[in-house]
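Q: First the structure, then my questions, so here it is.
The values are calculated or read from the model by the stated rules, or taken from the named source; none is laboratory data. Given the structure is predicted, the values throughout are model-derived calculations rather than measurements. All Cβ positions, even for glycine, are placed from backbone atoms using ideal geometry, and neighbour counts span all protein chains on display. Protein only, heavy atoms only, side chains kept; ligands, DNA and RNA dropped before computing areas. Shrake-Rupley method; radii C 1.70, N 1.55, O 1.52, S 1.80 Å.
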Amino acid sequence: MEVEREDAYWERYSRNILLPEIGVDGQLKISRARVLIIGAGGLGSPAAYYLAAAGVGVLGLADADDVDLSNLQRQILHATADVGSAKVLSAAAKIRAINPDVEVVAYRQYLDAATIGPIVADYDFVIEGVDNFPSKFLINDACVLAGVPFSQGGILQFVGMTMTVKPGDTACYRCVMGEPPTGTVPTCSSAGVFGAIAGMLGSIQAAEALKYITGAGRPLYDSLLCFDAKAMDFMKSPVQRNPRCRVCGEQPDITALAGDNTRSCVPGGDRACRRAAGANRSAQD
Amino acid sequence: MATRQLDITRYNCPITFVKVKVQLYELKKGDVLEVLLTGGEPLENVPAAVTRDGHVVLGTQHVAGNTYCLRIRK
């Protein structure tokens with residue numbers, strides 16, 4: 001039993017340990033956990049802060065971009081002096097400053113069909129915080145094929161949406177969304193995003209990761225949580241596995257990661273969210 | 001059945017209770033933990049907190065000065 005920790009360990013995590021749902025056992029699970037955050041941007045920033053603060057053992061961060069001045073309105077891992085630096089390096093410095101217990105693994109690269117599989121498989125949980133639909137579908141497929149649970153998240157304008165997926169047991173992103181949308185899809189850079197909702201949604205994703213790791217509560221399985229910050233309406237809609245899902249259905253045709261994971265062939269996708277939130281299509285960042 | 005001692009007289013709440021939780025986590029069901037703690041907040045809060053966690057408070061004894069011994073069965 002690895003209970004021989006220094007007083008500083010118990011003091012740092014005392015507010016976790018005091019929760020009956022987490023306790024000593026839950027904190028030790030957090031310290032042993034490996035979480036991969038894909039996208040060190042609007043969603044990855046708050047998620048990384050809270051997971052690091054909670055003492056997650058290994059935090060992987062994947063992002064190929066450099067920090068841009070227009071990121072700073074919502075991507076709170078990065079500061080003015082970081083503009084032009086690699087996001088993963090800027091992020092790693094902040095995480096180490098918060099909690100030197102956390103081992104940071106930085107992937108300064110786009111995870112594509114050729115590279116994502118083994119990386120995802122090396123983690124207990126994945127947080128998806130990317131800003132485009134092809135990547136969202138790729139991450140979904142990679143996590144489903146590797147059997148790694150993940151939190152999917154997206155924000156656009158004033159709207160956020162998120163679901164948590166346990167592959168093989170609960171609805172995946174593709175079950176709910178179908179195929180990547182075709183044509184012009186609004187993104188943060190073209191449609192704008194209300195910065196504080198990145199904090200709301202990324203924090204929810206961190207909470208989902210910690211709930212999964214510790215077993216506290218019930219993650220957003222078979223549920224799509226949407227909110228509209230204008231009215232501050234929160235709506236949780238039930239979703240279910242699609243037997244015809246191309247990656248987790250009864251006869252999947254996506255059985256390996258390849259270029260066509262992200263092929264766009266059917267328009268639409270976020271109908272469930274639009275229905276629930278009365279919102280516009282959400283691409284995210 | 002093992003008995004273990006823990007001195008938390010130099011800690012303040014809520015680290016007092018965290019230290020007790022860690023020790024109880026290590027013990028087996030039925031084992032006894034004897035906790036040295038100070039009067040006031042620790043003496044009021046720790047027994048209530050361990051009871052809430054499902055352990056049994058066997059009793060409290062005055063040791064000396066402002067120090068007490070709380071006996072808990074896991």
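Q: From the P(r) of segment B:4-73, can you give the percent of Cα pairs sitting at distances over 19 Å? Numbers along the way, then the final one.
A: Working: 470 of 2415 pairs.
In whole percent, the share of Cα-Cα pairs in segment B:4-73 beyond 19 Å is 19.
Q: Within 9 Å, Cβ to Cβ, of A:Trp10, how many net charges do the neighbouring residues add up to if Lys/Arg are +1 and Asp/Glu are -1?
A: Once positives and negatives cancel, what remains is +1.
Q: Something else about it: Packing-wise, with mean Cβ within 10 Å as the measure, how do A:167-180, B:37-50 rank, highest first?
A: Answer by packing, highest mean first, reads A:167-180, B:37-50.
Q: OK, next. Other chains near A:23-29: what is the mean number of their Cβ atoms within 10 Å of each residue's Cβ?
A: The per-residue average across the peptide is 3.
Q: Going Cα to Cα from A:Lys94, which aspartates and glutamates come in below 12 Å? Please leave out same-chain ones fewer than 8 positions away.
A: List returned: A:Asp82.
Q: Can you give me the accessible area per residue for the protein assembly as shown, using a 1.4 Å probe, in Å²?
A: Normalised by residue count, the accessible surface of the protein assembly as shown is 44 Å².
Q: Amide H neighbours of A:Leu220 under 5 Å, at least 5 residues apart or on other chains, H built in the peptide plane: list them.
A: Long-range HN contacts for A:Leu220: A:Thr164.
Q: For n ≥ 4 DSSP H runs only, could you compute -39500 (n - 2.57) per run for chain A, divide by its residues and tell me the 222 nm figure to the nearest 500?
A: Numbers: 11 runs with 99 residues, N = 285.
Mean residue ellipticity at 222 nm (helix-derived): -10000 deg cm²/dmol.
Q: Right, something else. Mind jotting down the distance between the C-alpha centroids of segment A:211-234 and segment A:156-196, whole Å?
A: The distance from the Cα centre of segment A:156-196 to that of segment A:211-234 comes to 14 Å.
Q: Other chains near B:17-23: what is the mean number of their Cβ atoms within 10 Å of each residue's Cβ?
A: 6
Q: Compute and list, largest first, the equivalent-ellipsoid semi-axes of chain A from the alpha carbon gyration tensor, each √(5λ) rounded to a whole angstrom.
A: Numbers: eigenvalues 161, 94, 71 Å².
Listed largest to smallest, the semi-axes of chain A are 28, 22, 19 Å.
Q: Right, here's the next one. With a 1.4 Å probe and every protein chain kept in, tell me what percent of the accessible surface of segment B:4-73 is carbon plus sulfur.
A: 47 percent
Q: Something else: Suppose R0 equals 56 Å. What FRET efficiency, 1/(1 + (r/R0)^6) with r the Cβ-Cβ distance, do A:Glu11 and A:Arg244 give to the nearest 0.05? Numbers along the way, then the final one.
A: Details: r = 52 Å, r/R0 = 0.93.
Plugging the Cβ-Cβ distance into 1/(1 + (r/R0)^6) gives 0.60.
Q: Report the relative contact order of chain B, percent, no decimals, based on alpha-carbon pairs under 8 angstrom and at least 6 residues apart.
A: Relative CO of chain B lands at 35 percent.
Q: Find the sum over both chains of the accessible area lost when B and A are paired, probe 1.4 Å, and report it in Å² to the nearest 100. Each step should come with its number before you reach the end.
A: Numbers: alone 4560 and 12230 Å², together 15640 Å².
When B and A are taken together, about 1200 Å² of accessible area is lost.
Q: With r as the distance between the Cβ atoms of B:Cys69 and A:Leu18 and R0 = 22 Å, compute the FRET efficiency 1/(1 + (r/R0)^6) and round to 0.05.
A: Efficiency for this residue pair is about 0.45.
Q: In this model, which of A:Lys136/A:Lys166; A:Lys166/B:Lys21; A:Lys166/A:Lys236; A:Lys29/B:Lys28; A:Lys211/B:Lys19 are farther than 21 Å apart at the alpha-carbon?
A: Pairs exceeding 21 Å: A:Lys166/B:Lys21; A:Lys211/B:Lys19.
Q: Hey, another quick one. Which percent of the accessible area of chain A is formed by carbon and sulfur heavy atoms (probe 1.4 angstrom)?
A: 51 percent
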